[in-house]
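The values are calculated or read from the model by the stated rules, or taken from the named source; none is laboratory data. Given the structure is predicted, the values throughout are model-derived calculations rather than measurements. Here Cβ is always computed from backbone atoms with ideal geometry, including for glycine, and neighbour counts include all displayed protein chains. For the accessible areas, the whole protein counts, side chains as well, though only heavy atoms, and no ligand, DNA or RNA atoms are used. Shrake-Rupley method; radii C 1.70, N 1.55, O 1.52, S 1.80 Å.
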Amino acid sequence: MKKRICFLLPLVFFCCYGNAQPPVYSLSAVPASLKEKASIITHEEDILFEVTDIDRATLTVHKVFTVLSKSGKDALLFNEYSNKIVKLDDAEIKVYDAAGKQVAKYKKKDMFTTAVGEGLVEDGSVTYFEVQASGFPITVEFNYVQEYRGTLFYPGYFIQSSAEAVQRSSYTAKVPAALGLRYKTKNIDLQPVITQEDKYKIYKWSVKDLAPIEYEEGAVSFSGRYPGVVLAPNQFKVYDVEGDMSSWQKFGMWEHGLIQGLDALPEERKQFFQQLVKNAATEREKIKLVYEYLQKNFRYVSIQLGIGGFKPFPALFTDQKKYGDCKGLSFYTYSVLKALGIKSYVALINREYNDEPADPQFPCNEFNHMILCVPGKSDTIWLECTGKTHDFGSLDPSTYNRNALLITEQGGVLVPTPSDKAGSNIFSSKSVVEMAEDGSGRTKTMIEVSGEYKEDFINHLFAEKSDDQKIFLQRYIKFKQPDAFSVKQNNDHAKTVAEIELLFEKIQEFTAGSKMFLGMGMYKLFSFDLPTAKERRLDYYFHHPLTKTDTTVYKLPAGYVKDVLPEEKKLSCAYAGFTARSWFEEKENAVYITATLTLLTNRIPAAKYAEVKQFFDDVKKYNAGHVVVKKAG
């Protein structure tokens, strides 16, 4: 797929590819409607994707653009992968001054190339180059060529990104008529001009004078947010194996062919796993024992699906090395379960954050991850085999609410993964605050977490050094800065529990005369600002559904009593609910505050976003209130 690549340089004008006199691109000639709210102006772009055979193709890109301000600086990074399928054949960046004079040129040999895949397997490389801008605006030309030694991927046409105006852009796909192609538009009504040239069929998409699109925080991922065209082959060939992508079933047959014969395990390893599960009463217990063994004894290495290939390591390789990528670990688990007589299926899935599910009506290879599905008579078990700390039977938030392609003996079957639930991600805290008369105090907090919160606590709070833990407590949990603290993981609970002690010189937020104003709990259930709701076009995504509860007990110093307590609060909208109340326990001389927040889904339709934003604004407003206590008498 075409990556957003950009390079910078000094000013506003620049040249066409070739030896002709470079034309001058003046910002004064760009219509005001295009410059308004733009960070990048694409003056011209020509992309040619030419398929010469079922396993040979070339992508040629020429682009001229001006970066207007620092906010568009990401466009200054050139970043292209090479692997056994796609190779960056040549690349060139040119920079021009305001008079159209070339002031710098960078060839591929001037760029940086580094291996990917942690150096553990022969995987691929990335070539990158960032031109350092001395000022803005900057006008740049880049040209590059990629050679395809397989046609599993047809690069898409991504027309523009946020704050990018386009004066002229075109994408031409030239394919043998016998092969053809399929295409699908996203966020734009754009049809190609189709012509015939000898044995080739030519598709050309063209646009001009596109005003910039304003960025909307929290929207769907890049591929679903901006206008573009997705392309896919009917027939393809890669790894010297031909395949058919005209249906999900046929595409799955190709992947199934890749894994044939790779699941063999030595007899002694089969016996080991049989002994491991011999006392399990049910099939589910057997699967759980295997999964937990994998978590404790195998290491995940990050080799992105599609870069490291679609063919997993043989099960024997993974068993001996004790490491693997997503497809290696998933296929290994599949192989072990097969040896135990348990049926499972590896499944291709897209785990890009907030991306859209695979389209049932448009078979296309947009997968970048592999998981495992174990069907049962009454319950289907989904396994994220790369997760050291994932609960058995749970997925990562990035793979809930998606469509996964099960690889079966009969071919591919596209099925939905489970929906993430509020009860899957629980954050429950209780703080007991011992206060002194001068406002100082000690807090003992117990936080019980599950789901995504568990991942964060294990990977950050429990695994980090003291300074990093302090940052986590302040930035993530949003505790006020302590003067001293300690963190301990409580291993006596079935769930993940953190025991946190905090020492403060001042518990209260402020003092007025004999009164102390205390916060609405040591932990605020919601504390950040949602983006504006004005003219929202795209759905908004939270990271995940959730259930949060907090109880704070302020044990008042001798001589202090409650003065003002907030009223009970109940808030709700179509996708969330919040309740809170407080009371005074006279025998304990303590103020209790409890609150619960529930978010039912992570995806909020654009039409409902204003309502949801208002709800969370009201929650935050309540959290900004105070409990007031005072000296008695």
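The rule of thumb for compact globular proteins, 2.2 N^0.38 Å, goes into the C-alpha radius of gyration of segment 499-566 1.64 times.
Over every Cα atom in segment 147-242, the radius of gyration and the widest Cα-Cα span, Dmax, amount to 15.4, 47 Å. In the chain, carbon and sulfur make up what percent of the accessible area (probe 1.4 Å)? Answer for the chain: carbon and sulfur cover 49 percent of the accessible area. Of the listed residues 346, 103, the order by accessible area with a 1.4 Å probe, largest first, is 103, 346.
In the chain, the calculated helix contribution to ellipticity at 222 nm averages -4500 deg cm²/dmol per residue, counting -39,500 (n - 2.57) for every DSSP H run with n ≥ 4. If you look at the Cα atoms of the chain, you get an Rg and a Dmax of 28.9, 99 Å. If you take the beta carbon distance between residue 380 and residue 222 as r and set R0 to 25 Å, what does 1/(1 + (r/R0)^6) give as a FRET efficiency, to the nearest 0.05? The value I calculate is 0.20. Taking 0.36 nm per residue of sequence separation and removing the Cα-Cα distance, the residue 537/residue 446 pair yields an extension gain of 28.7 nm.
Rolling a 1.4 angstrom probe over the protein heavy atoms with all chains in place gives segment 219-264 an accessible area of 34 Å² per residue.
Once a ≥ b ≥ c are taken as the square roots of the eigenvalues of the Cα gyration tensor of segment 259-337, is the result rounded (a/c under 1.5), prolate (a/b larger than b/c) or oblate (a/b not larger than b/c)?
Numbers: a/c = 2.13, a/b = 1.73, b/c = 1.23.
The shape class here is prolate.
Between residue 437 and residue 250, residue separation times 0.36 nm minus the direct Cα-Cα distance comes to 59.9 nm. On a per residue basis, segment 353-430 carries 38 Å² of accessible surface, using protein heavy atoms and a 1.4 Å probe.
Return the tail of the calculated pair distribution for segment 415-539, meaning the percent of Cα-Cα pairs more than 18 Å apart. Could the numbers behind the result be given before it?
Values: 4727 of 7750 pairs.
Within segment 415-539, distances greater than 18 Å cover 61 percent of Cα pairs.
For 378, 335, 582, 527, what's the largest-to-smallest order of accessible area, 1.4 Å probe? Each step should come with its number before you reach the end.
On the way: 378 120, 335 0, 582 25, 527 45 Å².
Largest accessible area first, the residues go 378, 527, 582, 335.
Please give the net charge around residue 57, taking every other residue with its beta carbon less than 10 angstrom from that of residue 57, where Lys and Arg add +1 and Asp and Glu add -1. Could you put the intermediate results ahead of the total?
Values: positive: 56, 149, 174; negative: 50, 53, 55, 147.
Charge balance in the 10 Å sphere: -1.
Quick one: net charge around residue 339, please, counting Lys, Arg +1 and Asp, Glu -1 for every other residue with C-beta under 15 Å from its C-beta. Combined, the nearby Lys, Arg, Asp and Glu give +1. Here segment 479-633 is treated as a Stokes sphere of Kirkwood radius computed over C-alpha pairs; at 10 °C and 1.306 mPa s its diffusion coefficient rounds to 90 µm²/s.
Solvent-accessible area per residue in segment 444-588 equals 54 Å², computed with a 1.4 angstrom probe and all protein chains kept. In terms of overall dimensions, the C-alpha atoms belonging to segment 58-196 reach 50, 45, 26 Å along their principal axes, ordered largest to smallest.
For segment 373-481, the alpha carbon positions stretch 73, 28, 18 Å along the principal axes, listed from largest to smallest. For residue 605, neighbours were defined as the other residues whose beta-carbon sits under 12 Å from its Cβ, and their charges (Lys and Arg +1, Asp and Glu -1) total +2. Multiplying the residue separation of residue 564 and residue 478 by 0.36 nm and removing their Cα-Cα distance gives an extension gain of 28.5 nm. When only C-alpha pairs under 8 Å and at least 6 residues apart count, what is the relative contact order of the chain, in percent? Dividing the mean separation by the residue count of the chain yields 10 percent.
Loop-located GluC sites (Glu not before Pro) in segment 116-197 (DSSP state not H, G, I, E or B) with no more than 14 neighbouring Cβ atoms inside 10 Å: 118, 122.
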